[in-house]
Amino acid sequence: MHNFLIYDCFPDIVPSPREIAQSIRTITRKHNQWFKDSIPLIASENVMSPAAREAMNSDLHNRYAEGLPGKRYYQGNIFVDEIEVICEDLAKEVFGCRFVDVRPTSGTVSNLAVLMAIAKPRDKMTTVALSDGGHISHAKIGATGLRGVKTFNYPFDEKSMNIDVAGARKLIREVKPRVALFGQSVYLFPTPLDELRDVIEEVGCTTWYDAAHVLGLIAAKRFQDPLRQGIDVVSGSTHKTLPGPQHGMILSDSGKDGLESSLRRGVFPGVTSNHHLQSVAALAITLAETKEFGEAYADQTIRNAKALAQSLHTRGMDVLCEHLGFTESHTLVLDVEEFQGGAKVAKALEKANIIANKNLLPWDSNPVRPSGIRLGSQEVTRIGMKEGDMDVIAELIHQVVAKGADPDVIRNEVIEFKKGFTKVHYCYFEGEEAYDYPSFDGDL
Ligand SMILES: Cc1ncc(COP(=O)(O)O)c(C=O)c1O
């Protein structure tokens, strides 16, 4: 797969800046073509709609707009302000809440802003452990540690791949955290928020839900609705099941005293100066498309995840949570320890142009040797695949992982199969190419 550049072979030749720039153009095009020829199954990725991509490529990208609409530190923001207000209004409507901040530049930046707003150094926070599917920004080694917040992990039920309700109730009562954080990167089933609500109220902690993975499913009302279940703050990325730009957002409907202004300050000047204006425009378009196409898209995404899980299970692969229907989201998880673990399997799949990632499972004792892989159906759904196509993917995966088929042979099958799925769906300009990008002719 790797095509080395000329100066890899002739280390004495020093490339000119022009040659370096040209090689970057060439490599980028190779990347685009590779993804066009591949089956994308990373659960945190997606492709944007043509209209959102147009916004990302606009002059908005070149500009600065610190602060809030009408109260900027720079001139030149007349249209920027219009776009940001429309984006916030749309988000309020889609998620049914009174407060939205669309300025965080990623999910992790959203989380940093929330941490600044609702927690202080040495505060206690309950979270899902990394090995149970929690995100690195919820952990000591990530954003949470940077804020100096102490974490306590909920007991986890490996069988249902979810927080253990009795254990979590006990933990929250004992720890009395300042913040109870929920939400995962391996997110198969809704968090049992209703079952924890009375304990949370008893302790009086602030509740925070990281919806990075499931924001699009929540927008479509196809997953739990954390704001209606008493959660104070929701954060998320806008480029996973919500198929928008790589960006973040924060939502709240709690109306708690001072919370909204703390969140605003957490974003700016807390963890951003300029935010990414092209992404705000692309996000607004994505939210409009979600209003129109989001339910159909979320329904098919979940149907595809279940179908892929069932097809892999039928072929004898160890897909977790069969007794619960495998998943209620876009994600499914496989234990591939019998095939030498997640890292080996993910690499073998990559050679065959099937892109997935290794993943820790709750029972893994070695954090650098995950025994699982995680698959997501959101991007293959976005490019038009249905349940029958999931069976084709399951067969290709099974051939590589369990049958030891030659990845070169499977790669050719993948490329042939993928030719039927290169266009974006569930959006305006439906049917435009998903992996082709405008470019200038000729070399530099
Ligand atoms: C639960 C969760 N929170 C936050 C993030 C971080 O999002 P971003 O990559 O946009 O910073 C992720 C990323 O996958 C995630 O899974």
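Please return the ranges of helices (runs of 4 or more DSSP H) entirely within region 350-444 where 2 or more residues are touching an Asp or Glu at 6+ places or on another chain (Cβ under 8 Å).
378-382, 407-418
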Practice problem: May I ask you to verify whether TYR209 is touching a helix residue (DSSP H, G or I) at 6+ places or on another chain (Cβ under 6 Å), surrounded by 21 or more Cβ atoms within 10 Å (Cβ to Cβ) and without any contact (Cβ under 8 Å) to a residue 40 or more places away in the chain? | Solution: no
Practice problem: Filter region 267-294 for residues that are surrounded by 22 or more Cβ atoms within 10 Å (Cβ to Cβ) and touching a strand residue (DSSP E or B) at 6+ places or on another chain (Cβ under 8 Å) and give the result. | Solution: VAL267, LEU283
Quiz item: How many residues are more than 30 Å from LYS221 (Cβ to Cβ), outside any helix (DSSP H, G or I) and either touching a residue at least 12 places away in the same chain (Cβ under 8 Å) or of a type in the set (A, V, I, L, M, F, W, C) (or both) if we restrict to region 65-93?
Solution: 5
Quiz item: Among the residues of region 129-156, which ones are touching a Leu at 6+ places or on another chain (Cβ under 7 Å), within 17 Å of LEU361 (Cβ to Cβ), of a type outside the set (A, V, I, L, M) and open to solvent by 10 Å² or more (accessible area, probe 1.4 Å)?
Solution: SER131, PRO155
Quiz item: Are there any pairs with C-beta distances below 7 angstrom linking a residue in region 94-116 that is farther than 16 Å from LYS240 by Cα to a residue that is polar (S, T, N, Q) and away from the ligand (no atom under 16 Å from the Cβ), with the two at least 6 apart or on different chains, and if so which?
Solution: VAL94/THR290; CYS97/SER252; PHE99/SER252
Quiz item: What are the residues in region 157-173 that are open to solvent by 60 Å² or more (accessible area, probe 1.4 Å) and either modelled with pLDDT under 95 or of a type in the set (A, V, I, L, M) (or both), if any?
Solution: ALA166
Quiz item: Tell me, which residue of region 1-24 that is of a type in the set (A, V, I, L, M, F, W, C) and modelled with pLDDT under 90 is least open to solvent (accessible area, probe 1.4 Å)?
Solution: LEU5
Quiz item: Scanning for something more than 21 Å from VAL319 (Cβ to Cβ) and buried (at least 18 other Cβ atoms within 10 Å of the Cβ), does region 364-379 turn up at least one residue?
Solution: no
Self-check item: Residue check, GLY255 open to solvent by less than 20 Å² (accessible area, probe 1.4 Å), of a type outside the set (Phe, Trp, Tyr) and either in a loop (DSSP other than H, G, I, E, B) or within 16 Å of the ligand (Cβ to nearest atom) (or both)
Solution: no
Exercise. Among the residues of region 213-252, write down those that are in a loop (DSSP other than H, G, I, E, B), touching a helix residue (DSSP H, G or I) at 6+ places or on another chain (Cβ under 6 Å) and among the hydrophobic types (A, V, I, L, M, F, W, C).
Key: ALA220, PHE223, LEU242
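So, ARG72, is that one closer than 30 Å to VAL414 by Cα, crowded, with 16+ Cβ neighbours inside 10 Å, more than 16 Å from the ligand (Cβ to nearest atom) and at pLDDT 95 or above or not?
Here the answer is no, as ARG72 does not meet what is asked.
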Practice problem: Looking only at region 216-249, count how many residues are without any contact (Cβ under 8 Å) to a residue 40 or more places away in the chain and of a type in the set (S, T, N, Q). | Solution: 2
Self-check item: Lone unmet requirement of (1) open to solvent by 40 Å² or more (accessible area, probe 1.4 Å); (2) under 21 Å from the mean Cα position of the chain (by Cα); (3) among the basic types (Lys, Arg) for LYS240
Solution: (1)
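The values are calculated or read from the model by the stated rules, or taken from the named source; none is laboratory data. Computed from a prediction, not measured in an experiment: that's the story for all the values here. Note: ideal-geometry Cβ built from the backbone for every residue, glycine included; neighbour counts use all protein chains shown. Surface accessibility is based on the protein's heavy atoms, side chains included, excluding ligands, DNA and RNA. Shrake-Rupley method; radii C 1.70, N 1.55, O 1.52, S 1.80 Å.
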